[in-house]
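As structure tokens, the structure follows; a few thoughts come after it.
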Amino acid sequence: MSDREVPPGGDEAAQEPPAPQEPSEPSAAPEFGPSVAARLAFYQRAGGIVTPVITALIAFAVGGLVVLATTGKNPLGTYSAIFTGTGLKWLFPWVTGVERAQSALYLQQTLLLTVPLILTGLAVAFAFRCGLFNIGGQGQYLVGSIVAVQVGIWFASMPKPAHIFLAVALAALAGAAWAGIAGILRATVGAHEVITTIMLNWIALWVGSYLVGFGGPLQPHGSSIPASADVAPSAKLPVFWGDPVLQGLHIGFFIALGALVVFWVVLNRTTLGYEVRAVGFNAEAARYGGISVPRSYFTAMAISGGFAGLAGAMDLLGWEFHLDLTVVQSSQIGFFGIAVALLGRNSSIGIALSALLFGALLNGTSTRTLDPSVFQPELAGNLTRLIQGLVVLFVGADLLVVYIWQARRKLRLGARPAQPQKGSA
């Protein structure tokens with residue numbers, strides 16, 4: 001036997017460390033797996049749809065209770081009638097004949113409203129990614145509308161593609177410049193963008209009211225209607241689905257989808273997007289890393305305003321074709337964009353889905369689609385605003401849901417009997 005060979009039980013075997021002992025009480029993680037709270041937190045980080053769905057369901061449930069308490073109507077019947085008015089039944093293959101044709105018309109109207117909601121939602125979301133809260137989407141939308149309608153009236157002799165491109169581009173630039181004012185004020189003197197954008201909203205409202213009001217520069221001479229003239233035919237967006245006379249769906253729908261792609265690419269695949277997100281996470285750390293925080297503030301607000309100005313162009317060149325005083329003073333598209341961005345969690349897919357939801361609500365509760373024998377359309381319009389407010393109110397439900405599940409898990413573990421130690425009597 002060589003010197004290196006040691007029989008079993010020899011000195012080297014005696015020097016080996018003892019095998020680890022099994023714990024006296026099994027860990028809860030192998031038995032139960034990841035907690036529900038942990039999974040919800042993962043869904044939030046991954047941009048999941050769990051929390052937005054819960055938020056929307058809560059909002060609709062509370063809205064249904066309000067319908068039942070105030071009108072005595074069946075909430076399910078009311079929501080069914082609203083769903084019919086959205087035109088989403090067109091997606092069901094078993095819907096045929098006259099009902100399918102009617103649903104197609106309603107769906108076109110729903111998607112017409114979805115287009116500006118996507119763009120104003122992006123206007124809020126892009127600024128939010130930089131740590132800014134852009135409340136000025138409505139003012140930027142109005143500025144874009146004013147520029148689009150005036151450029152659409154001018155240059156009537158231009159070729160159609162060039163005229164449309166010019167009107168859309170200048171409207172987006174106008175919205176960017178309007179939002180850029182708030183960005184410059186935040187970057188230079190630290191003025192909070194919530195205050196400045198609200199003030200800019202009012203300025204845009206009253207400037208627009210003056211321009212299209214009685215005797216305003218945009219009102220045609222001799223007209224008794226407080227509205228601008230119609231844009232030239234060469235500036236109208238082509239319709240690809242439906243009858244142009246009945247406000248069919250125009251190509252602005254594809255422009256809005258393209259804007260969603262641009263939003264995602266800029267934020268996730270460009271240096272600009274990296275700087276914007278870095279400032280949004282921690283402005284001081286970004287500044288220490290060499291990023292110009294003031295420049296990021298201005299750039300984020302300008303891009304946000306460009307999205308909102310583009311929304312105004314889509315509406316004016318797509319189906320409204322003129323700007324009147326009633327639209328200027330009653331439009332709420334920019335404010336709906338806030339709820340769209342919040343419910344969509346500032347992500348491209350989320351904004352697209354939440355914009356479709358709010359577009360469907362707006363169209364499904366309008367006087368032209370909702371059956372008055374089921375529910376009064378005037379009250380249904382208020383129901384839409386109620387649901388919008390509830391979405392904003394419950395947008396923090398993700399934290400509430402995680403807290404409830406954590407408390408539930410603690411109670412469940414605390415209620416279990418203690419496990420006896422191994423070897424105990």
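Figures for the structure shown
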item	result
Semi-axis lengths, Å, region 122-181, gyration tensor of Cα atoms, sqrt of 5 times eigenvalues	27, 11, 7
Inverse mean reciprocal Cα-Cα distance (Kirkwood Rh) of region 265-322, Å	12.8
Peptide ranges 114-120, 62-68, 305-311 listed from the most packed, as the mean C-beta count within 10 angstrom indicates	305-311, 114-120, 62-68
Two-decimal log10 I(q)/I(0) for region 171-276, as the Debye equation yields it once each C-alpha is a single scatterer, q = 0.11, 0.18, 0.20 Å⁻¹	-0.63, -1.14, -1.15
Mean Cβ count within 10 Å, highest first, over the residues of peptides 334-340, 244-250, 344-350	334-340, 344-350, 244-250
Alpha carbon Rg of region 187-233, scaled by the compact-globule rule 2.2 N^0.38 Å	1.66
Selection from 283, 254, 239 lying farthest towards where the dipole of region 225-310 points positive, charges on Cβ	283
Computed over region 84-138: relative contact order in percent, which uses C-alpha pairs under 8 Å that are six or more apart	28
Per residue Cα convex hull volume in Å³ - calculated over region 114-230	117
Ratio of Rg to Rh over region 95-135 (Cα coordinates, Kirkwood Rh, two decimals)	1.35
Contact order normalised by residue count of region 101-223, Cα under 8 Å, 6+ apart, percent	27
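Every read-out reported here was derived from the displayed coordinates using simple, explicitly stated rules and does not represent laboratory data. Since the structure is predicted, the reported quantities are computational estimates derived from the model, not experimental observations. Note that we place each Cβ from the backbone using ideal geometry, even for glycine, and neighbour counts take in every protein chain shown.
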